[in-house]
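First comes the structure, then the notes that go with it.
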């Protein structure tokens with residue numbers, strides 16, 4: 001299996017690194033400093049599974065056009081606000097990708113991939129796995145769950161391509177499930193994120209010297 005991950009920051013690198021560690025051929029498309037560090041020293045992942053360094057089956061590039069060959073799966077992991085530009089820059093990959101999916105937190109991500117690639121080449125996906133970029137070449141795996149990834153056809157049908165990516169994640173230690181209601185799963189994740197964000201803001205009201213209004217006015 002060959003996978004290209006566009007937007008290999010924290011989460012994208014965690015997913016790609018774990019997949020590569022089990023033999024999946026992974027190409028990460030990330031920022032120049034991160035890519036340079038991976039090329040020099042490999043990708044280091046720290047966190048919930050200890051400290052590991054991945055060098056085999058892993059290639060890093062800083063431009064989508066440098067991701068060569070055919071790919072079974074294209075995983076979109078850029079921030080939602082950067083989607084349009086990222087997909088425009090990834091135009092050279094359109095004819096090299098068999099199936100595309102997004103691990104972003106928005107609910108419009110699938111529609112944007114469909115517009116870019118066509119509905120027959122897009123599946124839905126959602127993940128709870130957490131990853132942050134510590135420094136170039138080093139990412140921290142911050143969060144997981146009993147089932148951390150979900151995949152499904154947009155029309156709810158079963159398919160070998162959904163089963164294959166589900167199995168690959170399972171093998172990589174990323175417990176996954178194929179579902180017939182991926183749109184519902186994606187909306188549920190958005191609701192969970194909204195609730196968590198609302199709690200974080202309102203909790204400031206209980207901290208001496210702070211207020212809910214300060215939480216809404218000061219992004220940090």
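Could you compute the FRET efficiency for residue 207 and residue 143, with r as their C-beta to C-beta distance and R0 at 22 Å, rounded to 0.05? The partial results should precede the final answer.
On the way: r = 24 Å, r/R0 = 1.08.
Plugging the Cβ-Cβ distance into 1/(1 + (r/R0)^6) gives 0.40.
Per the helix-only calculation at 222 nm, which mean residue ellipticity applies to the chain, given -39500 (n - 2.57) for every DSSP H run of n ≥ 4 and division by its residues, nearest 500 deg cm²/dmol?
On the way: 7 runs with 78 residues, N = 220.
So the helix-based figure for the chain works out to -11000 deg cm²/dmol.
Which ordering of 72, 163 is given by a fewest-first count of other beta-carbon atoms within 10 Å? Numbers along the way, then the final one.
Details: 72 17, 163 12.
The most exposed by this proxy come first: 163, 72.
Rounded to the nearest Å, what's the spacing between the alpha carbon centres of the range 46-115 and the range 1-22? Just the number, please.
8
Share of antiparallel DSSP beta bridges in the chain, in percent to the nearest 5? It would help to have the intermediate numbers written out before the result.
Details: 13 of 39 bridges.
So the antiparallel bridges in the chain amount to around 35 percent.
Quick one: work out Rg over Rh on the C-alpha atoms of the range 2-180, Rh as Kirkwood radius.
Numbers: Rg = 14.8 Å, Rh = 15.9 Å.
A ratio of 0.93.
Which residue, 111, 70, 206, tops the fluctuation ranking in a GNM of the chain built on C-alpha contacts under 10 Å?
The residue with the greatest mean-square fluctuation here is 206.
Once the cut-off is 22 Å, how many percent of the Cα-Cα pairs in the range 36-112 end up in the long-distance tail?
On the way: 1084 of 2926 pairs.
Cα-Cα pairs of the range 36-112 separated by over 22 Å account for 37 percent.
List the relative contact order of the range 1-41 as a percent without decimals, with contacts defined as Cα pairs under 8 Å and 6+ residues apart. Spell out each step's value before the answer.
Working: 43 pairs, mean separation 18.2, N = 41.
It rounds to 44 percent for the range 1-41.
Give the average over all directions of the projected area of the C-alpha convex hull of the range 33-72, one decimal, in nm². Walk me through the numbers before you get to the answer.
On the way: hull surface 15.4 nm².
Taking a quarter of the hull surface, the average projection is 3.8 nm².
Expected output is a single nm value to one decimal: the length gained when fully extending between residue 180 and residue 132, i.e. 0.36 nm times separation in residues minus the C-alpha distance. What is it? Don't skip to the end; give the middle numbers.
Details: separation 48, 0.36 × 48 = 17.28 nm, distance 3.00 nm.
Between residue 180 and residue 132, full extension yields 14.3 nm more.
What FRET efficiency comes out for residue 40 versus residue 192 if R0 is 41 angstrom and r is the Cβ-Cβ distance? Round to the nearest 0.05.
After rounding, the FRET efficiency stands at 0.60.
Let me check against my output: what whole-number percent is the relative contact order of the chain, with C-alpha pairs under 8 Å and at least 6 apart?
Working: 439 pairs, mean separation 41.2, N = 220.
Value for the chain: 19 percent.
Name the residue, out of 125, 149, 84, whose mean-square fluctuation peaks in a Gaussian network model built on the chain with Cα pairs under 10 Å.
Checking each option, the largest mean-square fluctuation is seen for 84.
Taking neighbour counts of Cβ atoms within 10 Å as a proxy for exposure, in what order, fewest first, do 199, 116 appear?
On the way: 199 9, 116 22.
Starting with the residue having the fewest Cβ neighbours, the order is 199, 116.
How many nm separate the modelled label positions at residue 49 and residue 95, each set 7 Å beyond the Cα in the direction of the Cβ?
3.6
If the chain between residue 68 and residue 88 were fully stretched, how many nm would it gain, using 0.36 nm times the residue separation less the Cα-Cα distance?
Working: separation 20, 0.36 × 20 = 7.20 nm, distance 1.69 nm.
Extra length available between residue 68 and residue 88 comes to 5.5 nm.
Please build a GNM for the chain, connecting alpha carbons under 10 Å apart, and tell me which residue among 45, 54, 193 fluctuates the most.
Taking springs between Cα atoms under 10 Å, the residue moving most is 193.
By count of other Cβ within 10 Å, fewest leading, how are 189, 109 ordered? Intermediate results must be reported in sequence, preceding the final value.
On the way: 189 17, 109 21.
If I rank by nearby Cβ atoms, fewest first, I get 189, 109.
The numbers here are math on the coordinates, done by the rules we state, and not lab data. Quick caveat, the model's predicted, so the values are computed rather than measured. All Cβ positions, glycine included, derive from the backbone under ideal geometry; neighbour counts span all protein chains shown.
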